[in-house]
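Nothing in this text is a laboratory measurement; each read-out follows from the coordinates by a stated rule. Since the model is a prediction, treat every value here as computed from it, not as a measurement.
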Amino acid sequence: GPGEIARGGTVVQPAPGGTFGNGDPVGLYAEVYGLDASGGEARYSVQAALVPVDGRAGIVRALGGLIGRGRRRGVSVEVEETARGSTSSVALLLDASRQRPGAYTLTLTLTDRATGEEATGSREVTLE
């Protein structure tokens, strides 16, 4: 469709405004570079978290949102991946169907299992 981007076998429909329909999955796609594949294969983990923006800082907000009492505040997923070389890509869906409309922080953390190096990125998104 219009605006779609194809990378390998994955087709991505960008959400440049960072707005997703409430109840729709929040999809993300990342390209990974510089992995240690010295053993012939690179191993890395990918963690994605979607947590409400509520004024608390960083990891405190993320942990409080994910393990808080009552209605779930936020959602996360973690997967282990392998690559044949030092580059790879990953596509994930976060189930936001139980989240309230509002502002959220979407954080993606990739960890190279061979070196322990981490790369983290985040951006604000809106569920309508």
### Task
May I ask you to compute the full-extension gain from THR115 to GLU81, defined as 0.36 nm times their residue separation minus their alpha-carbon distance, rounded to one decimal in nm?
10.8 nm
#### Entry: From phi via Karplus (6.51, -1.76, 1.60), per-residue ³J(HN,Hα) for region 8-22 in Hz, x at Gly/Pro
x, x, 10, 10, 10, 9, x, 10, x, x, x, 10, 10, x, 4
